[in-house]
Amino acid sequence: MRDDRLQDRHVVVTGGAQGIGRGIATRVAEAGADVTVFDVDTETAAETAALVEDHGSTAQVVEVDVSDGDDVAAGVERAIDGLGPIHGLVNNAGIQRSIPILELSEEEWDAHMAVNAKGVFFCCREVGSHMVEAGIEGSIVNIASTGATRPFPGQGVYATTKAGVVGFTIVLAKELGEHGITANCINPGTVDTPMVQQWLEENAERAGVAEEDLLEDALDLHVLDRMGQPREIGHVATLLLSDEGEWITGEAINVDGGYTKM
Ligand SMILES: NC(=O)c1ccc[n+]([C@@H]2O[C@H](COP(=O)([O-])OP(=O)(O)OC[C@H]3O[C@@H](n4cnc5c(N)ncnc54)[C@H](O)[C@@H]3O)[C@@H](O)[C@H]2O)c1
């Protein structure tokens, strides 16, 4: 299903090695975009790049730790050197460990804030500056979470980072609107990725229940009673990155099988 909505555009996807990031990278490639994948896991990211190229697009992998400002600045330079000016940025890289607040260490707090919040800031600042300087009316899509408004127990710091990203994105939209740049969040519900597998393992062990039972309970909280697929987040990212999304900004769009409506 190839279309040309993102033809001749260069999209950077952070955390694109696996999971939702891979789903977004391959979906935007189907719409014609060339893709730079930023990730700390370059080996797995190379598999995503190969999938992007299967769709006839060009892909490159750049090793970037989004929590490191110098790394992000250098990564953006390399992205532009390799595939040209950047039209779209998807801030997808994230971490989540399930830890009750009373057991949460300062190190875990800082680690989540560094990747999920500061990483989004660094990438928006660098790519946003590039878009403004180059006069590109681009789009920025931040992958937050339904955990921003309806988190599970154990998501104290995760929910803090994701709610922060939703607020940050509204400010970003207001500041970049005059340059024709849009900024939005997608808030996924439960999507079938390695992160969710890890969440199931941690919580099943903690609660002393089977992973299948825990998953069934989680899915019962979704109107559509199933996990989302990474590609389904990719569909909405593609819309927001395309001309069809150019009058949407500052939004946080739930793509969650109805989780936030239960
Ligand atoms: N899976 C879900 O149900 C779900 C729901 C809501 C929101 N999200 C969000 O979607 C995003 C992707 O989630 P996922 O489930 O695909 O996760 P995942 O753990 O499967 O993949 C995350 C990717 O980010 C990369 N990454 C981690 N730290 C990084 C860093 N410092 N710099 C660069 N890359 C880094 C990892 O290497 C990996 O490739 C995350 O922001 C997550 O919070 C996921």
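Readers should treat all values here as calculations from the given coordinates under stated rules, not as data from a laboratory. These figures come from a predicted structure and were not determined experimentally. Please note: Cβ atoms are built from the backbone with ideal geometry, for glycine as well, and neighbour counts cover all protein chains shown.
Quick notes on this one:
- In terms of other Cβ atoms within 10 Å, His10, His87 run from fewest to most in the order His87, His10.
- Positive-end ranking of Ala50, Ala210, Ile143 along the dipole of the chain, with charges on Cβ about the Cα centre, is headed by Ile143.
- Between helix 19-30 and the chain: long-axis angle, C-alpha atoms, 0 to 90°, nearest 10: 30
- Amide hydrogen neighbours beyond the local backbone of Val90, cut-off 5 Å, H modeled: Val12, Val13, Thr14, Val141
- Against the chain, whose longest principal axis comes from its Cα atoms, helix 42-54 is set at around 60 degrees.
- The H on the amide N of Gln60, modeled in the peptide plane, is under 5 Å from the matching H of Val35, Thr36, Val37, each at least 5 residues off or on a different chain.
- Using only side-chain charges placed at the Cβ, +1 for Lys and Arg and -1 for Asp and Glu, the dipole size of the stretch 100-225 relative to its Cα centre rounds to 740 debye.
- Degrees, to the nearest 10: 69-83 long Cα axis against longest axis of the chain: 50
- Between the C-alpha center of the stretch 44-69 and that of the stretch 169-205 there is a gap of 19 Å.
- Over the chain, the fraction of Cα-Cα pairs per 5 Å bin, rounded to whole percents and listed from the shortest bin up, is 1, 7, 14, 18, 20, 17, 12, 7, 3, 1, 0, 0.
- Comparing Ser98, Ser129, Ser145 in a Gaussian network model of the chain, where Cα atoms under 10 Å apart are tied by springs, the biggest mean-square fluctuation is seen for Ser129.
- Per-residue extension of 0.36 nm, minus the Cα-Cα distance of Glu216 and Glu246, leaves a gain of 7.0 nm for this segment.
- Taking a straight line from the alpha carbon of Lys162, these aspartates and glutamates sit under 17 Å away, with near neighbours fewer than eight places off in the same chain left out: Glu108, Asp110, Glu251, Asp256.
- Remark: the stretch 12-73 carries a charge dipole of roughly 340 debye about the Cα centre, counting +1 on each Lys and Arg Cβ and -1 on each Asp and Glu Cβ.
- Highest-MSF residue in the chain out of Ile24, Ile86, Ile99 [GNM, Cα springs under 10 Å]: Ile99
- Relative contact order (%) - criterion: Cα under 8 Å, at least six apart; region: the chain: 21
- Neighbour-count ranking [beta-carbon atoms within 10 angstrom, fewest first] of Arg27, Arg150: Arg150, Arg27
- Taking Trp247, Trp109, Trp199 in turn, the Gaussian network model of the chain (Cα-Cα springs below 10 Å) assigns the largest fluctuation to Trp247.
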